[in-house]
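Asks: Pasting a structure below so you can have a look.
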């Protein structure tokens, strides 16, 4: 396969931490897994620790044929804390996780190996912290690419102005009906019939949301 045809995926690889164990996930990780299963051999720009959570992600990646050779090393793999409740689980996304510290120089080196014209997939959660935003910005200014953005809005993610800035010069924007309403609200626009615009953004705290941060990898 030509290097220029390899998609580039940027963002979080993490585990959902339940009381009885962990489940690998993170929207970018899931996308990379399924691209690998389709034979597209994506390059995943993320950070992983050499710990049990990281081992779970590596095992899941191997089942899909996904290489994690491009992953940066971190002291601890990112995790979402799952609070199991009878009325429905709550998912807590702590601050200062591995995906908040993606290194720009390493990220650009991976992007350059992907080749010009590659598809670049990213969400928004991993862009809540300055270092990872700078890493993505460095990729986007260095590598000619086509941007596929998964809004994937979470309370623990970046503020609306940051998200809106990330949506410049994108080729594909993936979002749900709820996210469309939020986006229109941030822009001060009326929504189409059946999609009410939300005039205000949900505050960035508390960090617990009543929806999962991602779907599991399988």
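Asks: Any idea what the relative contact order of the range 3-178 is, in percent, if you count C-alpha pairs under 8 Å spaced at least 6 apart?
Replies: Relative contact order of the range 3-178: 22 percent.
Asks: Quote the FRET efficiency, to the nearest 0.05, computed for residue 85 versus residue 55 with a Förster distance R0 of 30 Å and r equal to the Cβ-Cβ distance.
Replies: Working: r = 28 Å, r/R0 = 0.94.
E(calc), rounded to 0.05, equals 0.60.
Asks: Assuming R0 = 35 Å, can you tell me the calculated FRET efficiency for the pair residue 109 and residue 190, based on Cβ-Cβ distance, to the nearest 0.05? Walk me through the intermediate numbers first.
Replies: Working: r = 44 Å, r/R0 = 1.27.
The pair residue 109/residue 190 has a calculated efficiency of 0.20.
Asks: For q values of 0.16, 0.20 Å⁻¹, compute log₁₀ I(q)/I(0) with the Debye formula on a Cα-only model of the range 3-178, without solvent.
Replies: Relative scattering, expressed as log10 I(q)/I(0), comes to -0.93, -1.45.
Asks: Based on other C-beta atoms within 10 Å, arrange 99, 64, 122, 91 from fewest to most.
Replies: Working: 99 30, 64 17, 122 27, 91 21.
Ordered by Cβ neighbours within 10 Å, fewest first: 64, 91, 122, 99.
Asks: Taking every DSSP beta bridge that has both residues in the range 3-178, what percent is antiparallel when rounded to the nearest 5? Display every interim value, and only then the final one.
Replies: Numbers: 8 of 29 bridges.
Percent antiparallel among DSSP bridges in the range 3-178 is about 30.
Asks: Fewest first, what order do 154, 168, 47 take by the number of other Cβ atoms within 10 Å?
Replies: Details: 154 23, 168 8, 47 28.
Arranged by neighbour count, lowest to highest, 154, 168, 47 become 168, 154, 47.
Only the coordinates and a few stated rules stand behind these numbers; no lab work does. This one's a predicted model, so the numbers in the text were calculated from it and none came from an experiment. For neighbour counting, all protein chains shown are included, and Cβ atoms are generated from backbone atoms with ideal geometry for every residue, glycine included.
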